[in-house]
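Asker: Please find one structure pasted underneath; my questions will follow.
The values are calculated or read from the model by the stated rules, or taken from the named source; none is laboratory data. Since this is a predicted model, take the numbers as computed values, not measurements. As a convention, Cβ positions derive from the backbone with ideal geometry for all residues, glycine included, and neighbour counts pool all protein chains shown. The area values use the complete protein model at the heavy-atom level, side chains included, leaving out ligands, DNA and RNA. Shrake-Rupley method; radii C 1.70, N 1.55, O 1.52, S 1.80 Å.
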Amino acid sequence: MNALQAAIIAAAPFILALLAVSAIFSAAETALTRASRGRMHQLEREGDRSAGRVNRLISDQETMIGAVLIGYNVLNILSSALATEFITQVVPGAWGVAIATSIMTVLVVVFVEVLPKTLAIVRADDVARALSAPMLIVVRLLGPVIYAIQWIVRHTLRIFGIRLEMEDDVLAAHEEIRGAVEYHHAEGLVESGDRRMLGGVLDLGELTVADVMVHRRQIFMLSIDEPCQELVEQALKSPFTRVPLYQGETENVVAVLHAKDLARAIAATGGADRVDIAAIATEPWFVPETTHLKEQLSAFLKRRAHFALVVDEYGELQGLVTLEDIIEEIVGEIEDEHDMAIEGVRLQADGSVIVDGDVAVRELNRALDWHLPDEHAVSVAGLVIHESQTIPDVGQSFIFYDHRFQVLRKHRNQITSLRITPVPSEAEA
């Protein structure tokens, strides 16, 4: 064996060692990007140090991926250069380069790319935890180099008018959870009720009280100026626990009467005509219509209140919202012995549905498991007007979102009744 052959044999283990380390970088990249953040945070709370290291790496993915790519590419380039150097000494010229390229391509694709990445995909959490310690060291060592590369990349892209903005983590997490729920629902692992419940929790930060409030035209309210006996009788006949009281005009709500307070006052005074309504009524609570449901829920819990009146930017009454309205966005319709089924929705024998124009789109979707959009209109009538870009006449029909909307009744410019019929998606085309 001559000196050249001995050198090649001695270099082979070194090249294989470089490829083995490169395979570790490859597995780490896949595992750390696919690891479950929820499981890692749970393991960290339980005292798992490796999970804590994974969370630190994931928290700055740009730096972590940069470190992995630097190590991965340097090792692959170095091993390929060494292999080409030694093989061309045995087989000079283009043939030596071709042989070196072929051997290194097979080794890199099979043992550096496919094998470690497949293992990392199958056991992402375990591989990420196992490789978290060395990867954390690499990130710290290559930190200055990574930041310099990021600076060059960002300023190079700015020349072409491209600015890198980091994605909002909360929004990204919500969309990830929503996507996972939809996927598992499609696979049959999550029931429809659970899917709506989980989606309702995520929607609390996006919806406002205007999306779920009872419109002012549907509010049951009484005049505080009415005779006491008559006011008490109407309040007791009402199916609602809390009744707004107005003075003069319905826009001027001055108090809220609670049925429990009214019952106590009647028992204490011995008669409905002796009750001092102004004394037992409470001050109304007004909230802006732009308040998000998540904020309103927190406000309800903080004030220990269940009822608020909704006003617009000019202070005019728009509707009312209750704690039950917000909870129903999560768990669905809550009914007791005094509640009625969803009003204004009547199923027909032919599969169509007669719907009052003021029925909320969200309530209709929840009741019939439909997916009509509610971003631009709260009520069904508003949806038809928005999509048709006109105020339709009685008898007109429109097809959108795989449903046919036929106007049945109209009062002035207000659509009061529609027939909605699901149609195949080809009909819209």
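Asker: Relative to the longest principal axis of the C-alpha atoms of the chain, give the angle of the C-alpha long axis of helix 228-237, reported between 0 and 90° and rounded to the nearest 10°.
Answerer: 50 degrees
Asker: Order Phe286, Phe160, Phe86, most accessible first, counting only protein heavy atoms with a 1.4 angstrom probe.
Answerer: Heavy-atom accessible area, descending, gives Phe160, Phe286, Phe86.
Asker: Would you kindly derive the ³J(HN,Hα) couplings of the range 264-279 from the backbone phi angles with the Karplus curve 6.51 cos²θ - 1.76 cosθ + 1.60 (θ = phi - 60°), listing them in order in whole Hz, with x for Gly and Pro?
Answerer: 5, 5, 5, 5, 6, 8, x, x, 5, 6, 9, 6, 8, 4, 4, 6
Asker: Which of the lysines could be linked to Lys260 by a straight reach, that is with a Cα gap under 16 Å, when you skip same-chain ones fewer than 8 residues away?
Answerer: Once the sequence-local lysines are set aside, what remains near Lys260 is Lys237.
Asker: Rank these residues by their accessible area, most exposed first, probe 1.4 Å: Trp370, Trp151, Trp95.
Answerer: Trp95, Trp151, Trp370
Asker: Ok, one more. Could you do me a favour and compute the accessible area per residue for the chain, 1.4 Å probe, result in Å²?
Answerer: 59 Å²
Asker: Can you work out the Karplus-derived ³J(HN,Hα) for every residue in the range 43-55? Use 6.51 cos²θ - 1.76 cosθ + 1.60 with θ = phi - 60°, whole Hz, and x for glycine or proline.
Answerer: The phi angles translate into 5, 5, 5, 8, x, 7, 5, 5, 5, x, 5, 4, 5 Hz.
Asker: With +1 on each Lys and Arg Cβ and -1 on each Asp and Glu Cβ, and nothing else charged, work out how big the dipole of the range 1-122 is about its Cα centre, in Debye to the nearest 20.
Answerer: So the magnitude is around 320 debye.
Asker: Another question, if that's okay. Hey, what number do you get for the chain at 222 nm if only DSSP H runs of n ≥ 4 count, each worth -39500 (n - 2.57), divided across all residues, to the nearest 500?
Answerer: Mean residue ellipticity at 222 nm (helix-derived): -17500 deg cm²/dmol.
Asker: Need the C-alpha centroid separation for the range 265-302 versus the range 56-86, integer Å.
Answerer: When both Cα centres are located, 65 Å separates them.
Asker: On the accessible surface of the chain, probed at 1.4 Å, how many percent belong to carbon and sulfur atoms?
Answerer: Accessible surface attributable to carbon and sulfur in the chain totals 57 percent.
Asker: Tell me the angle of helix 192-203 to the major Cα principal axis of the chain, expressed in degrees between 0 and 90 and rounded to the nearest ten.
Answerer: Helix 192-203 and the main axis of the chain meet at about 90 degrees.
Asker: Using 1/(1 + (r/R0)^6) with R0 = 35 angstrom and r between the beta carbons of Arg412 and Ala349, what's the FRET efficiency to the nearest 0.05?
Answerer: 0.65
Asker: Could you compute the FRET efficiency for Gln150 and Val106, with r as their C-beta to C-beta distance and R0 at 35 Å, rounded to 0.05?
Answerer: 0.55
Asker: Decide, for the range 345-394, between rounded, prolate and oblate: order the square roots of the alpha carbon gyration tensor eigenvalues as a ≥ b ≥ c, take rounded if a/c falls under 1.5, and otherwise choose prolate if a/b is larger than b/c, else oblate.
Answerer: Oblate, since a/c reaches 1.5 and b/c is not below a/b.
Asker: Then there is this: For Ala278 and His306, what does the FRET efficiency come to when R0 = 35 Å and r is the distance between their Cβ atoms, rounded to the nearest 0.05?
Answerer: Taking R0 as 35 Å, the efficiency between Ala278 and His306 is 0.95.
Asker: Hey, what did the chain get for relative contact order, percent, Cα under 8 Å, at least 6 apart?
Answerer: Relative contact order of the chain: 10 percent.
Asker: Give the residue list of trypsin sites (Lys or Arg not before Pro) in the range 362-429 that are DSSP loop and have at most 10 other beta-carbon atoms within 10 angstrom.
Answerer: Listed in order of number, the matching sites are Arg412.
Asker: Determine the dipole magnitude for the chain: charges of +1 sit on the beta-carbon of Lys and Arg, -1 on that of Asp and Glu, nothing else is charged, the reference point is the Cα centre, and the result goes in debye to the nearest 20.
Answerer: 2080 debye
Asker: Could you put Glu329, Glu387, Glu206 in order of accessible surface area, largest first, with the 1.4 Å probe and the full protein assembly present?
Answerer: Per-residue accessible area, sorted high to low, gives Glu206, Glu387, Glu329.
Asker: Compute the orientation-averaged projected area for the chain from the convex hull of its Cα atoms and round it to one decimal in nm².
Answerer: That works out to 34.5 nm².
Asker: To continue, here is another question. Of Ile58, Ser379, Val254, which is farthest towards the positive pole of the chain's charge dipole, taken about the Cα centre with +1 and -1 on the beta-carbons of Lys, Arg and Asp, Glu respectively?
Answerer: Ile58
Asker: Applying the Karplus parametrisation 6.51 cos²θ - 1.76 cosθ + 1.60 with θ = phi - 60° to the phi angles of the range 130-144, what ³J(HN,Hα) value in whole Hz is obtained for each residue in order, glycine and proline being reported as x?
Answerer: With coefficients 6.51, -1.76 and 1.60, one gets 5, 9, 5, 5, x, 5, 5, 5, 4, 4, 5, 5, 8, x, x Hz.
Asker: Right, another one. Mind checking the full-extension length gain between Ser238 and Trp285? Use 0.36 nm per residue of separation minus the Cα-Cα distance, one decimal, nm.
Answerer: Full extension of this stretch gives 14.8 nm more.
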